[in-house]
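The values are calculated or read from the model by the stated rules, or taken from the named source; none is laboratory data. Source: prediction; values computed, not measured. Backbone-built Cβ (ideal geometry, glycine too); neighbour counts: all protein chains shown. The area values use the complete protein model at the heavy-atom level, side chains included, leaving out ligands, DNA and RNA. Shrake-Rupley method; radii C 1.70, N 1.55, O 1.52, S 1.80 Å.
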Amino acid sequence: MCSVRTLLSISVSLSYFCIGLVRGYSAPAVPSMHEVNPGLLPDKNIASWVSSIPPFGAFFGSLVAFPLMHKIGRKYTVMLTSPVWVTSWILIATADHWKVLLMARMLSGFGAGLTLPSAQIYVSECSDPKIRGVIGSLPSLSMSAGILVVYVLGKYLEWRILAWVCCGIACFLFVAVICFPQSPVWLKTKKRYEKAHNSAKWLHLQGFTFDPKAQEIQKAVGNGHAVEKQESPFSKSALFRREVLLPLGIGLALLSIQQLSGIDAVIFFTVEIFRSAGSSMDGHLATIIVGAVQVASNFSSLFVVDRAGRKPLLITSGVIMSLAMASMGGAFHLNSIGNTCFGYLPLVSLIIFMIGFSVGFGSIPFLLMGELFPTAQRSLLSSLAGSFNLAVMFAVIKTYHPLEDAITTSGTFWMYSVLCAIGVIFVIACVPETKGRDLESIHKLFEKRDGTSGGDHVEAAAVPPATTTAASKLGHVNTAMSTADEIVSCDRVDTKL
């Protein structure tokens with residue numbers, strides 16, 4: 001039943017909730033540290049590093065995620081983040097020196113890097129194509145909910161107690177995920193066909209069958225020679241193919257736009273932004289309102305992502321973010337010239353920005369990672385894309401204050417506005433629509449076909465969703481897997497758990 005897959009998605013999305021706790025913690029915690037333990041953070045520079053170091057740790061975590069996802073699977077990679085986070089929150093809660101805080105925050109980021117690609121792929125591979133957009137958007141909703149929860153709790157709890165609460169939630173993640181099966185897609189790439197069939201059956205994935213005789217037939221017809229001669233999916237020739245490089249390029253570009261919109265500068269420095277903008281509203285209250293709007297917007301996007309499509313939502317999202325950042329820049333400019341009559345313009349601008357971000361660029365780039373990347377290379381590409389995304393995130397956060405000094409705060413937000421507009425142009429020109437397609441037909445979008453040149457738009461190769469008749473004859477009609485995925489060579493890769 002669909003409810004089984006939904007329950008899996010909600011449980012796995014708890015890992016994104018924990019990422020939200022990591023991302024949002026510094027906003028209320030750093031002011032609390034200054035009030036409760038004034039000497040813990042000696043200067044503004046150290047406080048800035050404690051706030052912004054998690055993406056740096058997440059960069060390395062995302063790199064480690066690839067070999068883990070490939071060797072132990074998506075499920076156990078997600079579960080591994082639980083003890084990592086528990087350790088980091090304990091260190092934070094008991095820290096008496098800023099160096100311990102810095103190390104612990106970096107460790108918490110490392111856990112976020114492990115789960116960013118693995119949780120999204122795990123959810124996508126265990127979802128039906130008809131509702132994959134809705135299910136695949138749950139992680140982003142969960143992340144925004146985590147940010148809001150830590151904002152609200154941070155208003156009333158001292159920073160050490162807040163860390164202990166986050167530690168308890170991280171413990172629960174391990175228990176929530178342990179009862180679910182491994183991804184059937186991953187099991188098939190490891191040639192564990194019976195386990196893949198049992199996993200798909202448990203998840204009620206339609207059309208996922210196992211026929212030992214069919215596997216022998218498939219081996220016999222594979223290009224007319226033995227499949228053990230097939231090259232490794234991670235060889236140079238396999239990786240530098242059009243159908244691998246194009247999806248990777250699109251994924252990296254979308255993730256860059258997501259971060260260059262300024263979203264994490266807003267999340268990490270919300271209270272500071274409201275205070276420096278001269279807003280008449282209390283900074284902590286405004287932060288909670290912005291967080292609540294983000295959660296509401298992410299929830300609303302669940303009902304449109306599979307109806308409106310990925311591409312229209314990305315375009316709408318980019319336009320809204322561009323206008324909101326322009327308005328935010330205007331608010332700072334008015335304040336700099338002494339005009340304080342704009343009242344709630346900073347709050348309204350950030351609310352509109354969060355709405356725009358949440359309906360498109362907040363969730364769809366991660367959803368597309370699970371749809372566009374070829375199954376055989378998905379672990380590697382997702383790990384690389386996640387690391388790239390986190391590196392850009394770290395750069396955006398660390399350059400926020402230097403940009404303020406160099407081009408003023410209003411100029412910084414106007415720069416974010418221009419980058420969002422450039423992102424809209426990219427989506428219109430380069431991003432294919434994947435709504436309602438099975439993964440096999442999506443991957444065919446990037447194959448070079450007769451009569452088309454390599455420089456053609458990727459949608460020129462679009463084909464209707466592939467039928468499952470031929471696949472069913474081979475004992476494989478699951479729309480989440482192509483028949484080629486079953487014969488991924490493992491002769492050069494250790495497949496033992």
(message) Computing the accessible area with a 1.4 Å probe over protein heavy atoms, can you report the carbon and sulfur percentage for the stretch 1-153?
(response) 75
(request) Take the cross-link list Lys188/Lys236; Lys195/Lys444; Lys75/Lys195; Lys191/Lys236 and give me the ones stretching past 25 Å between alpha-carbons. (result) Lys195/Lys444
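Could you order the peptides 367-373, 285-291 from most to least packed, using the average number of other C-beta atoms within 10 Å per residue?
Details: 367-373: 25.3, 285-291: 21.1.
Highest to lowest by the protection proxy: 367-373, 285-291.
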(message) Need the full-extension length gain, Thr6 to Leu63, defined as separation in residues times 0.36 nm minus the C-alpha distance. One decimal, nm.
(response) 17.7 nm
(request) Heavy atoms only, probe 1.4 Å: what % of the accessible area of the stretch 298-416 goes to carbon and sulfur, would you let me know? (result) 73
